[in-house]
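Contents: one structure, followed by commentary.
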Amino acid sequence: MNRRHCATAAITLVCALALLTSTGQAMAAPVPDPSPSPSSSSPAGSTPRYSTAELEKVREQIETLYRKAGAATDAYNLAEEQTKKQSGEIVKLAKAIVDGQARIAALKDRAGAQAREQYRNGGLPPGAQLALSNDPKLFLDGINKVRQSQQASKSLLSDLNQTQQDLETYTQDASANWEKLETNRVKQAKAKKKINAQIKAAEKLESQLEKKERDRLLQLERDAADKAQTAWLSSGAVKDVSGEASEAGAAAVTFATAQIGKPYVWGAEGPGSYDCSGLTSQAWLAAKRPIPRTSQEQWRLLPRIDIQDMRPGDLIIYHADASHVGMYVGDGAIVHAPRPGRNVTLAGAGSMKILGVVRPDK
């Protein structure tokens, strides 16, 4: 293959990946096949089909797609979790309404029984009969009992009716909220489906690279990570970081590092595979400290701490959209599930753009 043909093929590859990231046209064009025909296959030791700069563009495009897919997956997982939780609340409220109706019915039955008893006693309740006693003490006790009984029954029935009305109102509000959440879940599911289609196209492009080119692509990933980690360490960001893990933090680290080598799978929570937040949430669950499932919710809800104060077990949240998370294990390193096609591994804590640090057991 001559150099002009090489350049044309490389430009086609990068343009195809650029199309994948655009909205509305993500799947408009067929994915080009970068693999050479058997007759034009490069012999060992020949000039590579793609320059380092061209493969670097491919790497950046693929990394961006995977990060967007991670964010879309987390958004869907959160929407699904919220909808499921709201459904549970509606079931609880419905049960409370049924219980309340049963209590009201029982109270009315008791009131009816009292009325029938009064009829059999000449229209006078037991308290009223005491009120007609010739004994002054019994008379006063009878009057008080009549008033107390009437007031208690009236108050209880009023409270039960009000409670029943409140529960019905809450249920209506909860149902309306569930509809909103379900609408959002469906929306996020569509977004996730679209992103997943883009990811499959990116995976296909990556798989169609020759083995040497895939190896070079992997090396470029490592080089970029090493460069970022070196810059982060040189900045003095972890100069004074020396905190020791708490008992729960140590348990979480032990669990997470035991998963090294297992593959990344979207939405997976183990035991055979994980995504980034699936790994961290399961690690802290193993430490008996349940935390939110997604990296966005981990960032939003868990206590935040300064980088200088972090200790093993803390979670480092990455990228402006909080789309990735890793667990700090000490010595400037994290354990994390990187992306599809990669396994749970150790990496430099500064190898990606840090958004902040959270502590599950603060």
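So the values come out like this:
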| item | result |
| --- | --- |
| Matching residues, segment 265-279, being surrounded by fewer than 16 Cβ atoms within 10 Å (Cβ to Cβ) and either β-branched (V, I, T) or touching a His at 6+ places or on another chain (Cβ under 7 Å) (or both) | V265 |
| Residues being open to solvent by less than 40 Å² (accessible area, probe 1.4 Å) and over 18 Å from G278 (Cβ atoms) - total across segment 77-86 | 2 |
| Filter result (of a type in the set (D, E, K, R), part of a loop (DSSP other than H, G, I, E, B), open to solvent by 30 Å² or more (accessible area, probe 1.4 Å) and under 14 Å from D361 (Cβ atoms)) within segment 286-314 | K288, R289, R311 |
| Inter-residue pairs, beta-carbon under 9 Å, first in contact (Cβ under 8 Å) with a residue 12 or more places away in the chain and in segment 80-107, second open to solvent by 70 Å² or more (accessible area, probe 1.4 Å) and of a type in the set (A, V, I, L, M, F, W, C), 6+ apart | T83/W178; Q86/W178; S87/W178; E89/W178; I90/W178 |
| Residue within segment 235-246 that is open to solvent by less than 90 Å² (accessible area, probe 1.4 Å), modelled with pLDDT of 80 or more and touching an Asp or Glu at 6+ places or on another chain (Cβ under 6 Å) present | yes |
| Failed criterion for K85 (all others in (1) under 30 Å from L217 (Cβ atoms); (2) at pLDDT 75 or above hold) | (1) |
| Unmet criterion (only one of (1) part of a helix (DSSP H, G or I); (2) over 30 Å from A75 (Cβ atoms); (3) touching a residue at least 24 places away in the same chain (Cβ under 8 Å)) for D223 | (3) |
| Among (1) within 17 Å of the chain's Cα centre (by Cα); (2) free of Cβ contacts under 8 Å to residues at least 40 places away in the same chain; (3) open to solvent by less than 50 Å² (accessible area, probe 1.4 Å); (4) under 29 Å from D215 (Cα atoms) - the single one Q282 does not satisfy | (4) |
| Output for segment 175-215, where each listed residue is part of a helix (DSSP H, G or I), in contact (Cβ under 8 Å) with a residue 24 or more places away in the chain and over 18 Å from D74 (Cα atoms) | S175, N177, W178, A201, A202, E203, K204, L205, E206, K212, E213 |
| Top-ranked residue of segment 320-335 - restricted to ones that are within 16 Å of the chain's Cα centre (by Cα) and in a loop (DSSP other than H, G, I, E, B), ranked as modelled with the highest pLDDT | A322 |
| So K262, is it touching a residue at least 40 places away in the same chain (Cβ under 8 Å) and crowded, with 16+ Cβ neighbours inside 10 Å | yes |
| Search result, residues across segment 315-328 that are of a type in the set (A, V, I, L, M, F, W, C) and open to solvent by less than 40 Å² (accessible area, probe 1.4 Å) | L315, I316, I317, A322, V325, M327 |
| Single unsatisfied condition, N2 versus (1) within 28 Å of K192 (Cβ to Cβ); (2) at pLDDT below 50 | (1) |
| Any hit, segment 42-52, residues being under 18 Å from L220 (Cα atoms), at pLDDT 50 or above and buried (at least 16 other Cβ atoms within 10 Å of the Cβ) | yes |
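The values are calculated or read from the model by the stated rules, or taken from the named source; none is laboratory data. Model, not experiment: these values are computed from the prediction. With ideal geometry, Cβ positions are generated from the backbone for all residues, glycine too; neighbour counts draw on all protein chains shown. These accessible areas exclude ligands, DNA and RNA; they are computed on the full protein's heavy atoms, side chains included. Shrake-Rupley method; radii C 1.70, N 1.55, O 1.52, S 1.80 Å.
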